[in-house]
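Reading through the structure tokens given below for one structure.
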Amino acid sequence: MAKGLGKGFGALLPDEASPYVANATDTVQMVGLGEVFPNPDQPRKDFDHAALQELADSITEQGILQPILAEKVSQGYRIVAGERRWRAAKLAGLAEVPVLLREFTEESRMEIALIENVQRSDLTAMEEARAFKGLMDAFGLTQEEVSKKVGKQRSTIANSLRLLNLTEEMQLSVAKGELTAGHARAILSVSSAESRNLLFREIVSLRLSVRQAEDRAAVLNGPTVATPGKVPKPASVARKTPELADLEQQLIDRLGTKVEVKGDATKGRIEIAYYSGDDLNRLYDLLLKLDNQG
């Protein structure tokens, strides 16, 4: 069962692996596939075809174990949660699907659609950012209120929303996977729009790592004039043993920011960079989470 979802959302959507057990107030019925249609406000816009085919194969073998959550409207049955199952059912050639009928407010409908995606099948970084912004704009919610509704740290919400400060071209690059969230943070740490565009071009064309992008951002923010295409290589990396260099890169990948391991295999220090108060809070939350897992 999903934890920390707010408003008893876990009771609406039990684990995917378990058959759904209806309670006395629920109405579950078989509905013709053509009478069911997606929610136009669904946060997820792209569905991986290979993953859908795998789900369709499973549905062919075992059927749909969990009904689609929907509401009755004049046009038929509008999906609130379960569009992946509906799409997979179409691939599997089903004529009918089980539908759990309930009534929703506009806010609860959007909230459930967002939470199902965030908790079950991760949205792309840009889809998630736009969904958070949509909740805030539509219902006047603060970052803290969105945080409680979706069960994520406020700093995570803040960092996600920062992606919307990227240009449209940069946002598309994030959505396509050319830029990671770490790359985006490096770009946003640069003060001028012109230098941000320069760094973006260099990341894409030169395939810079997050570490290289952060070093380049530091140069672009500095007093010297940057030379397009010239990427600084920290001298400290060249002096490191392969083992320490690999460990450093793993920390960079895990924390999504600039990390430097200074010393040798027996002693030294680790420096972790942050670029704003929100970034510091994000790192604090992440390190605390890792410590609790340990």
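Tabulated values for the structure
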| quantity | calculated |
| --- | --- |
| Listed residue pairs exceeding 31 Å between alpha carbons, taken from Lys152/Lys267; Lys152/Lys176; Lys133/Lys289; Lys149/Lys262 | Lys152/Lys267; Lys149/Lys262 |
| FRET efficiency for Leu247 and Asp48, using Cβ-Cβ distance with R0 set to 45 Å, rounded to 0.05 | 0.85 |
| Leu290 paired with Thr27, simple spin-label distance in nm, labels 7 Å along Cα-to-beta-carbon | 5.1 nm |
| Residue-by-residue Karplus 3J(HN,Hα) for the range 202-214, coefficients 6.51, -1.76, 1.60, Hz, glycine and proline x | 5, 4, 6, 6, 9, 6, 5, 6, 4, 4, 5, 5, 5 |
| Summed residue charge, Cβ within 10 Å of Phe104's Cβ, Lys/Arg positive, Asp/Glu negative | -2 |
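Values quoted throughout were computed directly from the atomic coordinates according to the rules given, and no laboratory measurement underlies them. Predicted, not measured: the structure shown is a model, and the values here were computed from it. All Cβ positions, glycine included, derive from the backbone under ideal geometry; neighbour counts span all protein chains shown.
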